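Contents: one structure, followed by commentary.
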Amino acid sequence: MLSAITQLLIFQLAGEALAQSLQLPIPGPVIGMVFLFLFFQLREGPGKELKSTSQTLLQNLSLLFVPAGAGILVHLHRVADEWLALLLSLLISTVATLVVTAFVMRACLKLQRRPR
């Protein structure tokens, strides 16, 4: 488990280093995730240990929202002042995510159906 978490953190660090050094507007963890994806494409998928560790992290993902929830409670007055902007940004980003996901899914299905 430790080596799998180390592997994930190394890719995150590589993405963070690239984002900081080139002053990119993309978050480092996102770049690290792209690196991890490319690595898996070259290696034909993650190993058994990384799969197991990832499943464990995903099962406990809800715990990562506790600090965010506490932060919202601390700054509840700001949420009350900016509720309309927050609501609109949540709605627009949710719709945009659904649209992009639909297009990516459609493209993946077309690639899957295409004979090799």
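No value in this document is a laboratory result; all are computed from the given coordinates. The shown structure was predicted, so the numbers you read here are calculated from the model rather than taken from an experiment. Cβ placement follows ideal geometry from the backbone for every residue including glycine, while neighbour counts extend to all protein chains displayed.
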Per-residue ³J(HN,Hα) for region 38-54, Karplus 6.51 cos²θ - 1.76 cosθ + 1.60, θ = phi - 60°, Hz, x for Gly and Pro: 5, 4, 5, 5, 6, 9, 6, x, x, x, 4, 5, 5, 4, 5, 5, 4
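What are the chymotrypsin sites (Phe, Trp or Tyr not before Pro) within region 1-56 that DSSP puts in a loop, where the Cβ has at most 14 other Cβ atoms within 10 Å? It would help to have the intermediate numbers written out before the result.
Working: sites: F11, F35, F37, F39, F40; in loops: none.
Hits after loop and neighbour filter: nothing returned.
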Nearest 10 degrees, 0 to 90: helix 83-113 Cα axis against the chain principal axis: 20 degrees
GluC sites (Glu not before Pro) restricted to DSSP loop in region 1-80 with at most 12 other C-beta within 10 Å: E44
